[in-house]
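The structure appears below as structure tokens.
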Amino acid sequence: MPASIFCLTLQTRPFLCLIKPDVMHKLTSIVCSFLTGRGQQCKVNDTVSSLVDIGLSIVQGSGIGPTLYIIMKSDLSALSALNDIFKYADDTTLLVPQHTDTELQQEFNHVRSWAANNCLILNLSKTKEMVFKQTSVRCFHMPAALDDVEQTDCCKLLGVSVQF
């Protein structure tokens, strides 16, 4: 057996083990056990709040949290093939060109609906709409802003400032 085929076999073996029904059941049980029965308290100076149940939630700061979030949002996709949704960790970027078959408001409503169906709340204070245009265009009509979203000429995308 050539070395490359051997390496491929070794690399795919863990994945094939994961999709076995008995392993998936055990893995699901472990993840559910990790996510349930958790509480949160806050301490300010010497005062500690009462313990509050946080329910079934991705635990911030845990090693498994980012992976679970990526798996959870794997079914979020744009309505139109002409539009794109880029996902990285807990950031999501929706890109809608000027000429498309699905308007920005429809795509944004789709993302909002997906979030609500997955028990998530969009942080609208961090949500920004940025319109790009060619600098050579003389006559430009600025589209109406999305509902409840600030339209801006600069924003941070994955920690990088983007300005138009």
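Scanning region 76-89 for residues that are at pLDDT 75 or above and either touching a strand residue (DSSP E or B) at 6+ places or on another chain (Cβ under 6 Å) or not aromatic (Phe, Trp, Tyr) (or both) yields Leu76, Ser77, Ala78, Leu79, Ser80, Ala81, Leu82, Asn83, Asp84, Ile85, Phe86, Lys87. State all residues of region 66-113 that are in contact (Cβ under 8 Å) with a residue 40 or more places away in the chain and not charged (D, E, K, R); if no residue qualifies, say none. The answer is Met72, Tyr88, Thr93, Leu104, Gln105, Phe108.
When you scan region 95-103, do you find a residue that is at pLDDT 90 or above, on the phi < 0 side of the Ramachandran plot, of a type in the set (Asp, Glu) and exposed (fewer than 11 other Cβ atoms within 10 Å of the Cβ), even just one? Taking every residue of region 95-103 in turn, at least one turns out to be at pLDDT 90 or above, on the phi < 0 side of the Ramachandran plot, of a type in the set (Asp, Glu) and exposed (fewer than 11 other Cβ atoms within 10 Å of the Cβ).
A count restricted to region 95-133 and to residues that are farther than 30 Å from Ile64 by Cβ, part of a loop (DSSP other than H, G, I, E, B) and of a type outside the set (D, E, K, R) stands at 8.
Yes/no per residue for (1) modelled with pLDDT under 80; (2) over 30 Å from Leu27 (Cα atoms); (3) part of a helix (DSSP H, G or I); (4) open to solvent by less than 90 Å² (accessible area, probe 1.4 Å):
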residue: Tyr69; (1), (2), (3), (4): yes, no, yes, yes
residue: Thr93; (1), (2), (3), (4): no, yes, no, yes
residue: Thr135; (1), (2), (3), (4): yes, yes, no, no
residue: Phe140; (1), (2), (3), (4): yes, yes, no, yes
residue: Leu146; (1), (2), (3), (4): no, yes, no, yes
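Consider Val131 carefully, then state whether it is open to solvent by 70 Å² or more (accessible area, probe 1.4 Å), out of contact with any helix residue (DSSP H, G or I) (no Cβ under 6 Å at 6 or more places or on another chain) and more than 30 Å from Ile54 (Cβ to Cβ). When the stated conditions are applied, Val131 does not pass them. Just to be sure I understand, how many residues within region 17-45 are open to solvent by 80 Å² or more (accessible area, probe 1.4 Å), of a type in the set (Val, Ile, Thr) and at pLDDT 75 or above? Looking only at that region, the number is 2.
Of the numbered criteria (1) modelled with pLDDT of 70 or more; (2) basic (Lys, Arg); (3) farther than 30 Å from Glu107 by Cα, the one Lys73 fails is (3).
Considering region 154-164, and only residues there that are in a loop (DSSP other than H, G, I, E, B) and closer than 28 Å to Lys73 by Cα, the residue that is nearest to the chain's Cα centre (by Cα) turns out to be Leu158.
The values are calculated or read from the model by the stated rules, or taken from the named source; none is laboratory data. Please read all numbers here as calculations on a predicted model, not as lab measurements. Quick reminder, even Gly has a Cβ in these numbers, built from the backbone with ideal geometry, and neighbours come from all protein chains shown. Calculation scope for accessible area: heavy atoms of the full protein, side chains included, ligands and nucleic acids excluded. Shrake-Rupley method; radii C 1.70, N 1.55, O 1.52, S 1.80 Å.
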